[in-house]
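Read through the structure below, which is laid out as structure tokens, and then see the notes.
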Amino acid sequence: MTAFGEVPERRRDIKALQVTGFSYQEIARMRGMSYSRVNRLIAEANQVIREEQGRENVGRTHASPRAARLEQLEDKPPPWLQGAIGRRPAVTGDPRALLAWRRAALAIDDYRRVHERDLGDDALGRRPQEADAAPTFDLADSAIGRARETPPSARFGT
């Protein structure tokens, strides 16, 4: 029920109708929507519920230190991360945007941790000349580009 409470109100209303036994066609007629819209709202509600249930479980015991770090970056993104790729996209948005954001966040964090650059609020700084640091920089830089290429509607959800 805690996870269900995190679902945005409109999606929660539609999901509640589905859970109580109404068909997608019945919900569409009751709410004056198309079948496709009902399907989308229920899918988005399910996604939020799955993520919230996962957060409850992951928050207790992480499968890996990387998963724990990703959760930290999502919950409280540092200024250097927000400056590079913004805040985490909405769960109800395009899943590709969320995946691109997560990949970029981890790639930037990896670069900063491994190469211990004093960059302040700048995510990457200038491309390093050192042979061991340049490929990690390039990976993070390309991940930032992919995260930024996501259309605004997909990045921020509905």
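Values in this text are rule-based calculations from the coordinates and carry no lab data. No experiment lies behind these values; they were computed from the predicted model shown. Don't worry about glycine lacking a Cβ; one is built from the backbone with ideal geometry, like all the others, and counts go over all protein chains shown.
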Given 139-150, 65-76, the highest-first ranking by average Cβ count within 10 Å works out to 139-150, 65-76
The summed charge of the Asp110 Cβ neighbourhood (under 11 Å; Lys/Arg +1, Asp/Glu -1) stands at +4
Sort 104-111, 46-53 for me by packing, meaning the mean count of neighbouring Cβ atoms within 10 Å per residue, highest on top. 104-111, 46-53
Rounded to the nearest 0.05, what FRET efficiency is calculated for Ala43 and Ala67 with R0 set to 30 Å and r the Cβ-Cβ distance? 0.80
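Once you list every other residue whose beta carbon is under 12 Å from the beta carbon of Val38, what net charge do they have if Lys and Arg are +1 and Asp and Glu are -1? The partial results should precede the final answer.
On the way: positive: Arg10, Arg11, Lys15, Arg29, Arg31, Arg37, Arg40; negative: Asp13, Glu26, Glu44.
Residues near Val38 contribute +4 overall.
If you rank Trp80, Trp101 by fewest surrounding Cβ atoms within 10 Å, what's the result? Show your work: numbers first, answer last.
Working: Trp80 18, Trp101 26.
Listed from fewest to most nearby Cβ atoms, that is Trp80, Trp101.
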